Amino acid sequence: MKRFSSFLAAFLCLMIFSSNAIAQGLSVESLLDKAMSLSEKGDKSGTADALTEGVSALEKEAKSSDGTLKDKILGKAGALKSMIPLASAGKLNTGVLGKVVNAVKMLIGANRISSLLGKGESGLLGNAASLTSNLGLIKAGSSILGSGSQSQLNGLLGEATKSVAGLDKKGPAAKIASAASSKQLGSIVKLVSSAL
């Protein structure tokens, strides 16, 4: 019996540790999507918890980043933090939360791209998957922009997605892709920064 209870205690500790590890492994955008989903279902405590984790992950990412949008991200983290008490009380407007979450997606996508651009060619070459994923994040949040900015951004995203695909090639083709995508990605970061 003693052996079983010590086994059970060890098992429970392991389960708690692994669920914490899984929570820590979730990206900022996944945590914020989770908060949105729970808010839509009316889960007050779940929304507040997901927002708390999301804000913490967002602040951590912004502080450890060398991208140019760090301060704007921290500003949005503050806006999300102020929504946690509203979520707990069941007074959070899901539409308002959605706008901030979309702005955060665009900012973190652009900031991660800015970080890679800061490393020059070495930050771009071989990083097609990461850049494509971050372009997708910017696209996912772009519905909050006015129609003019949104169509301008969509055009840039389309071009950048094509040239970024060449960054995993070898030799001169990769160099050409790097030069083209560097310019396009820089324009995207600038547009996101001025729009938000």
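Quick notes
- Failed criterion for Thr68 (all others in (1) touching a residue at least 60 places away in the same chain (Cβ under 8 Å); (2) in a helix (DSSP H, G or I); (3) more than 14 Å from Ser182 (Cα to Cα) hold): (2)
- A count restricted to the range 35-74 and to residues that are surrounded by fewer than 16 Cβ atoms within 10 Å (Cβ to Cβ), under 15 Å from the mean Cα position of the chain (by Cα) and of a type in the set (Gly, Ala, Ser) stands at 2.
- Candidates Ser130, Ser163 - the one that is closer than 18 Å to Asn111 by Cα, free of Cβ contacts under 8 Å to residues at least 60 places away in the same chain and of a type in the set (Gly, Ala, Ser): Ser130
- Number of positions in the range 41-65 that are touching a residue at least 24 places away in the same chain (Cβ under 8 Å), among the hydroxyl-bearing types (Ser, Thr, Tyr) and under 16 Å from Gly118 (Cβ atoms): 1
- Looking across Leu116, Leu131, one residue alone is over 10 Å from the mean Cα position of the chain (by Cα), within 15 Å of Lys162 (Cα to Cα) and surrounded by 18 or more Cβ atoms within 10 Å (Cβ to Cβ). It is Leu131.
- Condition met for Gly90 (closer than 30 Å to Lys44 by Cβ and over 21 Å from the mean Cα position of the chain (by Cα)): yes
- Residue in the range 189-196 that is modelled with pLDDT of 95 or more, within 16 Å of Ser27 (Cβ to Cβ), among the aliphatic types (A, V, I, L, M) and crowded, with 21+ Cβ neighbours inside 10 Å present: no
- Test for Lys105: is it among the basic types (Lys, Arg), more than 16 Å from Gly186 (Cα to Cα) and either crowded, with 22+ Cβ neighbours inside 10 Å or at pLDDT below 95 (or both): yes
- Single unsatisfied condition, Leu32 versus (1) over 14 Å from the mean Cα position of the chain (by Cα); (2) modelled with pLDDT of 95 or more; (3) under 30 Å from Ala195 (Cβ atoms): (1)
The values are calculated or read from the model by the stated rules, or taken from the named source; none is laboratory data. Keep in mind the model is a prediction, meaning the values are calculated, not measured. Cβ coordinates were reconstructed from backbone atoms using ideal geometry, including for glycine residues, and neighbour counts include every protein chain displayed.
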